[in-house]
Amino acid sequence: MLKHKPDYGSQLPNNPYILVFLYFRGKFGEVKRCTEISTNLKLAAKFIAIHSEPDKIAVKREIEIQSKLKHNRVLQLYDAFEKDRQMCIVMEL
């Protein structure tokens, strides 16, 4: 279950995460390890560049689908937000 309701329309007022280091960089974006400040929980943040409205729609659909998946072999979605022409999907490690 998402800790926060995804906020697609604005930047987060206070960043609840510290980005630690880059895990992977690919064609569509990058994955960074992050830590939630309030709980010290170790997570992964997937940053996806948004170049067009269809890109944004596709990422929102991915977030919607991922938020409904509940299985011990599937990474659980923790949070999602939009910032500076990027969508960020925060998930468990």
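Quick notes on this one:
- Pick from region 2-39, criterion among the polar types (S, T, N, Q) and open to solvent by 60 Å² or more (accessible area, probe 1.4 Å), ranking: modelled with the highest pLDDT: 39
- Screening residue 49 with (1) of a type in the set (Gly, Ala, Ser); (2) modelled with pLDDT of 90 or more; (3) open to solvent by 90 Å² or more (accessible area, probe 1.4 Å) gives one miss only, at (3).
The values are calculated or read from the model by the stated rules, or taken from the named source; none is laboratory data. Given the structure is predicted, the values throughout are model-derived calculations rather than measurements. For the accessible areas, the whole protein counts, side chains as well, though only heavy atoms, and no ligand, DNA or RNA atoms are used. Shrake-Rupley method; radii C 1.70, N 1.55, O 1.52, S 1.80 Å.
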